[in-house]
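**Q** First, the structure itself, so that you have it in front of you.
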6 protein chains.
Amino acid sequence: MNDSFAPNSVPKLTGKISPDRIRLLRTPRPPHGLIEKFKSIADATSVIADVMDELGISGAVGASLLKPTLPTARIVGPALTVRNIMQREHVYETARARVNRMAEFEAHNLALPGDVVVIDGVAGVSNMGGISAQTGKRQGEAGAIISGGVRDVGHSRRVDYPLWATEITPVTGKWRIETVEINGDIQVAGIRVSPGDIVVADETGVCFVPIARAAEVLELALAKAAFEHEKCNAIDAGTAVADLPSKE
Amino acid sequence: MNDSFAPNSVPKLTGKISPDRIRLLRTPRPPHGLIEKFKSIADATSVIADVMDELGISGAVGASLLKPTLPTARIVGPALTVRNIMQREHVYETARARVNRMAEFEAHNLALPGDVVVIDGVAGVSNMGGISAQTGKRQGEAGAIISGGVRDVGHSRRVDYPLWATEITPVTGKWRIETVEINGDIQVAGIRVSPGDIVVADETGVCFVPIARAAEVLELALAKAAFEHEKCNAIDAGTAVADLPSKE
Amino acid sequence: MNDSFAPNSVPKLTGKISPDRIRLLRTPRPPHGLIEKFKSIADATSVIADVMDELGISGAVGASLLKPTLPTARIVGPALTVRNIMQREHVYETARARVNRMAEFEAHNLALPGDVVVIDGVAGVSNMGGISAQTGKRQGEAGAIISGGVRDVGHSRRVDYPLWATEITPVTGKWRIETVEINGDIQVAGIRVSPGDIVVADETGVCFVPIARAAEVLELALAKAAFEHEKCNAIDAGTAVADLPSKE
Amino acid sequence: MNDSFAPNSVPKLTGKISPDRIRLLRTPRPPHGLIEKFKSIADATSVIADVMDELGISGAVGASLLKPTLPTARIVGPALTVRNIMQREHVYETARARVNRMAEFEAHNLALPGDVVVIDGVAGVSNMGGISAQTGKRQGEAGAIISGGVRDVGHSRRVDYPLWATEITPVTGKWRIETVEINGDIQVAGIRVSPGDIVVADETGVCFVPIARAAEVLELALAKAAFEHEKCNAIDAGTAVADLPSKE
Amino acid sequence: MNDSFAPNSVPKLTGKISPDRIRLLRTPRPPHGLIEKFKSIADATSVIADVMDELGISGAVGASLLKPTLPTARIVGPALTVRNIMQREHVYETARARVNRMAEFEAHNLALPGDVVVIDGVAGVSNMGGISAQTGKRQGEAGAIISGGVRDVGHSRRVDYPLWATEITPVTGKWRIETVEINGDIQVAGIRVSPGDIVVADETGVCFVPIARAAEVLELALAKAAFEHEKCNAIDAGTAVADLPSKE
Amino acid sequence: MNDSFAPNSVPKLTGKISPDRIRLLRTPRPPHGLIEKFKSIADATSVIADVMDELGISGAVGASLLKPTLPTARIVGPALTVRNIMQREHVYETARARVNRMAEFEAHNLALPGDVVVIDGVAGVSNMGGISAQTGKRQGEAGAIISGGVRDVGHSRRVDYPLWATEITPVTGKWRIETVEINGDIQVAGIRVSPGDIVVADETGVCFVPIARAAEVLELALAKAAFEHEKCNAIDAGTAVADLPSKE
């Protein structure tokens, strides 16, 4: 792994966003082992959504809204958040003058291995292209979740960088949008996400687990997964439907 | 095949729904050979949609609305219908109190081999999860059609149980919805479906054929498929476009 | 290649549309080499969308709207345009009377090898089925772009004819729609398309390049692709994010 | 008032729906005074939505979805429920053969003064026209709530019968839909409604209060309305914003 | 009335559209008395939609889609059709260069008194502003129906020119769209409209009656309106619901 | 006017939001006379949208998206911005525990007379109720623009406080959302809005004019309005359509 990823040092900034708009230079690290244990759960988003229901926490979004570009990808990692909004200048002006105010490259620059970039982005335009995906991959990110468009789907697939996005479009955001905040509190598909929240994504959707509740969610999720495994065994063993084990 | 599937006996009920809300314990069986003959038609939903147009019957829904989870799956079978509606209690209460009023497991319990479970379900939440899909598979069902969400897409794919659904989401319906009727008349994607209607589904969409018209539809569909086969041969043989056979 | 494709001869018309509604019998041919050079660009729609931004031209549509039926297909070719609108008679009448006013077969008839059929079609019904796709394939077309539904997705995949469409549905347009113009100016997904405009389509979306600007777009696109290649090499070589080459 | 409205007698049925599909001939009567007290609350739907939140009950729908035809109308009354689904026959056949399976007239027939007809109807077609509205008005109904289309908006306004509907369209449901249940459990705009539930509607939206909780909801709503009245007085009196009374 | 409106003379063209794109200089005149008789029908769009159903003709659109700007306006007249599509140049260029290719003023120029301008327009931008509405009013038009946006709603209201449109937006179409055809066959909200078709619009929606069927539609509509009038009288007279007159 | 409104003093804060999330305590004041001159323009949003097109500035939103609650209201004033996002806790918990994190009252508290509160709010819930509207009215605000729901429409109408909102719903945001920023840069209906930008709203829609460009926009808008006035006079005077004055 590249030395520049060390949590205690910070790389040279790209300058694509004013430093005072970067709320945290490094996303908080999750407790040791937490990520791996979440990864051990099959069909994890459904299990976690159930547990969050029981704990009174919102946080699950369906794959019909946040659609995966790599259908069988599964990722878990802490959120590095980015907020994009539209520029006011017409694109023809900004494209010719090359006024690029997108700063998701600064997010890649600050990412630690395993981070998941989560973008509260703009609809109708791309908030992450192929070169950006390749950069994220090289930085060791687990992938990205984007409310808004992405592009170069072939490129991000070739470098095996998984994306969950609301939209695919070749229209660049480069001349159209501005990144106004990194590692602030954002909202993605109706769910609040804070830096360091645990992101779990698979082909059923995406769960955002508040970091303060993550250990509690994990424990209940592991228990639930074990119970479900047992129930599947009972089905395979031919147990009558009316006799299947139930916790309800 | 498990003895408990014999049409003349009925398994022990699960009790997840009041028995007086089950309009028919067993879905009517289609005439001998009908299912197999429908299965012999390539691109069946398009052919059947055409024939129903000529007979003045509505009943075709596009794959853009009822999206397949297994892209190349093709199924034919009689409909076992389920109707779900929302509960009134907030989910936090029901999740903690484990008030589960979903009863699609009762549908699996009553399913005969080859049945297609058709759910007039609730949007935004899952009306069928992976354990439920696995149970349906074991019961010998052909698959399921769901107006509403499903989850655990990886699980249902691993057990090879095909689903056509309007939505994918990890959010459970377990604590949110109630099954109010089994084998009643329902409406799915704007089409009325009655128990025993023949369901034909492929990657182009889903057709619901009223059982009373099914033999008539089949006969015309087979003739149409034969004509189309002939037209394809003419194309392959290099017949000029203006000289291709036509029935119009 | 079939002799009937020779640009200077025109095949016998099918008669499915009045000849005075065919604005051009043959789509204008692009300059020699232009198609091949556009094909050499990886992730071409994103690159071309950027260049058109700089030139003040609209013309890119996302794959979320025009969805590919063959996910990894990539095509480039001149547009052969078709405009469909609804009939006024109820379908039951037209289906029984076999009143078919669709004329995309006339478009296939007039297509030259490499053409892309672009249909300003009707939502909710199919504007191109499997036999039509097979005919287009035989005629040497590159594929088709359709604002509206298509059907027989299995069939078009089997003959390897790629489609980008807004919708998939088994419901035929045959008895419902009428082709009112071939090779006129149409609008697809909010973009004006004229016959001979260059269509570039991949899994990120579709670009329509006005033929009058195509050489200019190509030149800038090739330069941009070369620069991006260089940037990707820099990423692979481990260049720090803040030091990556940039034109902005 | 017409004698036929007496709760203890039932009028001659219209026969438009099979009697065994009428789950209750008369909607349960609310406790004495309850309707009038709910009517005394200004901006009632907002107040009641708040109280239901505190009690863990879902049941409020916005006026953006259920749009009023008489902007300033306000109604309160017990729900008389109707469920409509699509017919399968093409409309041209049913229109010529005059096959009318809509039975909201049976609902008017069974309505007691003050009832609110609530229809789980069909989108894209009218589930209640002007003559039907005039009939409902004569029967003494408070108005109607319809998930689906309505028509003859001028007519219903002239007879002063208020409607909240998801859609306005001249297309009749008469030849297209079938009423399959009266006074069963239905779902309207995502909310379960049972016969006798209290419907409160104004220009902000519609609340459905479960009859079993109605007294409790009313008591809290009256208290909340009194507190809000006091707060408004404080505002008018010039109290600084930071000093306004608050219960939070 | 201004002499320039005489059907046999044609005014000087504005030149905003190439004359060969004007398919008919004057919209065909309806039979004498037809317009007035249609105007005599209360809640006309619902009655006409019913009659067209019985004749197997599509042609009714709901007010939820084509929304009136003057709620109680009612108009009847022959259609003068206009088709608009997007330009390809970015708006900043066209706005500064004042490239205006909209030609609905040519339609006003060619309008005869009583005509209804029907625009197959562009979404998201205005296809008719206040000065245009004022011009249409002066020319004696009955009003306009627009698939797409309109603006200056206050202006068109002040001059009492009624509009039914899918959208209201201040964003001009002037620099964004191009009128490509006047008095051709267009499609509005899924309905084909030809020049001279009879447009009937009220607060329930819009009906487009094919001119070839208009006399037949009128006759049946008058009979239906008379029957409905009788039924309303029966309701007012207190006839029991089960005894109301019915034709079904 | 209440002394507490003086721009140089700041009232006691409500504490509903952390003071470090208030980016500016007072919205910048527009140049003297600017507001009044903008108010003098009839159909102002259309005129301003045109002028911004010519200057290459985005900033107009249609009334189909931001719908007025008082149809004929027209307002102009500087933007006081608020950003709301969802809470993570289930509403049942927060409603019972009375955890209210909405802080638009702090915005009212800080508002100077003539300010327009602009909320980047949450869909599906109310971001401003009747008591809040009444407070805004008392503070002298011109009105509010809200991306998201509002409620108590009757209340805000009674106190004559105009709102433009994307949605109307009785469901409170009080227990569901959190105000995370006051007077930061927000995005409303796809348009970036900064504190102090000039908001112009009428029944055609809403324009957001960047304060740095406001004088330039005003000058061009006044000239354009004068020209349009002249053109209307020409229409009234009977000038032939082809001879109307034009700047294109």
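**Q** Would you mind checking which residues have amide H under 5 Å from C:Val150's amide H? H placed 1.01 Å from N; only 5 or more apart, or other chain.
**A** Counting only residues 5 or more places away or on other chains, the set is C:Asn127, C:Glu167, C:Ile168, C:Thr169.
**Q** Related question: Once E and C are treated as a pair rather than alone, how much accessible area drops out, both sides summed, in Å² to 100, probe 1.4 Å?
**A** Using a 1.4 Å probe, the pair buries roughly 2200 Å².
**Q** So what is the relative contact order for region E:9-239, in percent, with contacts set as C-alpha pairs under 8 Å and at least six apart?
**A** Reported relative contact order: 31 percent.
**Q** While we're looking at this one, here's another question. So, in nm, how far is label B:Ala212 from label F:Thr239 when the simple model puts each one 7 Å beyond its Cα toward the Cβ?
**A** Computed distance between label sites B:Ala212 and F:Thr239 equals 6.8 nm.
**Q** Can you tell me what share of the DSSP beta bridges in chain B is antiparallel? A percent to the nearest 5 is fine.
**A** Looking only at bridges with both residues in chain B, the antiparallel portion is about 55 percent.
**Q** Could you please state how large a percent of the accessible area of chain C is carbon and sulfur, counting protein chains only and using a 1.4 Å probe?
**A** Looking at chain C in its full context, I get 53 percent from C and S.
**Q** Can you quote the Å³ per residue value for the convex hull of the Cα atoms in region B:166-248, rounded to an integer?
**A** About 155 Å³ per residue, rounded to a whole number.
**Q** Tell me the net charge near A:Thr169. Cut-off is 15 Å between Cβ atoms, A:Thr169 excluded, with +1 for each Lys or Arg and -1 for each Asp or Glu.
**A** -2
**Q** From the backbone phi of region A:70-86, what are the Karplus-calculated ³J(HN,Hα) couplings (6.51 cos²θ - 1.76 cosθ + 1.60, θ = phi - 60°) in whole Hz, Gly and Pro given as x?
**A** 10, x, 9, 5, 9, 9, 9, x, x, 7, 10, 9, 9, 10, 10, 9, 5
**Q** Using a loss threshold of 40 Å², tell me which positions in region B:94-109 are less accessible in the complex than in their chain alone. Probe radius 1.4 Å, ligands and nucleic acids ignored.
**A** B:Arg98
**Q** Are there any residues in region C:182-216 with a reduction of at least 50 Å² in accessible surface when going from the isolated chain to the assembly of protein chains? Probe 1.4 Å, please list them by number.
**A** Those residues are C:Asp185, C:Gln187, C:Arg192, C:Glu203, C:Thr204.
**Q** Please report the Cα spread of the protein assembly as shown along all three principal axes, rounded to whole Å, starting with the longest.
**A** Ordered largest first, the protein assembly as shown gives principal extents of 76, 75, 66 Å.
**Q** Can you list residues whose amide H is under 5 Å from A:Val188's amide H, if they're 5+ apart or on another chain and H is modeled 1.01 Å from N?
**A** For A:Val188, the qualifying residues are A:Val193.
**Q** Convex hull over the Cα atoms of region B:201-248, averaged projected area in nm²?
**A** 4.6
**Q** Can you check what the net charge comes to around C:Ser46, using other residues whose Cβ is under 13 Å from the Cβ of C:Ser46 (Lys, Arg +1; Asp, Glu -1)?
**A** The answer is -3.
**Q** Quick one: accessible area per residue over region B:9-239, 1.4 Å probe, rounded to a whole number of Å²?
**A** 30
**Q** In 5 Å bins starting at 0, how do the alpha-carbon pair distances of chain C split up by percent?
**A** Taking every Cα pair in chain C, the percentages come to 1, 7, 13, 18, 18, 15, 11, 7, 4, 3, 2, 1, 1, 0.
**Q** Still on this structure, please answer the following. Could you please report the charge total around C:Pro68, scoring K, R as +1 and D, E as -1 over all other residues with beta-carbon less than 10 angstrom from its beta-carbon?
**A** 0
**Q** Could you name the residue in chain A with the C-beta closest to the rotation axis that superposes chain A on chain C, along with the separation in whole Å?
**A** So the chain A residue sitting closest to the axis is A:Pro71, 6.
**Q** How large is the helix-only mean residue ellipticity at 222 nm for the protein assembly as shown, computed as the sum of -39500 (n - 2.57) over DSSP H runs with n ≥ 4, divided by its residue count, in deg cm²/dmol to the nearest 500?
**A** Calculated mean residue ellipticity at 222 nm is -8500 deg cm²/dmol.
**Q** Given label points at 7 Å from Cα along Cα→Cβ, what nm distances, shortest first, separate D:Ala234 from the same residue in every other copy?
**A** Here the equivalent label points are 5.5, 6.0, 6.0, 6.0, 8.3 nm apart from this one.
**Q** Between the label point of C:His32 and that of the same position in each other copy, find the distances and list them shortest first in nm, with every label point placed 7 Å from Cα along the Cα-to-C-beta direction.
**A** Inter-copy label distances (nm, one decimal, shortest first): 6.9, 7.1, 7.1, 7.4, 10.0.
**Q** What's the center-to-center distance, using Cα atoms, between region A:17-54 and region F:173-197 in Å?
**A** Between the Cα centres of region A:17-54 and region F:173-197 lies a distance of 26 Å.
**Q** Using a label point 7 angstrom from Cα along Cα-to-C-beta, what distances in nm, from shortest up, separate A:Val10 from the other copies?
**A** Those separations, rounded to one decimal, come out as 2.6, 7.0, 7.0, 7.2, 7.6 nm.
**Q** Taking every DSSP beta bridge with both residues inside the protein assembly as shown, roughly what % is antiparallel (nearest 5)?
**A** 55
The values are calculated or read from the model by the stated rules, or taken from the named source; none is laboratory data. Keep in mind the model is a prediction, meaning the values are calculated, not measured. Using ideal geometry, Cβ is built from the backbone for each residue, glycine included, and neighbour counts are taken over all protein chains shown. Remember, those area values only see protein heavy atoms, side chains included, never the ligands or the DNA or RNA. Shrake-Rupley method; radii C 1.70, N 1.55, O 1.52, S 1.80 Å.
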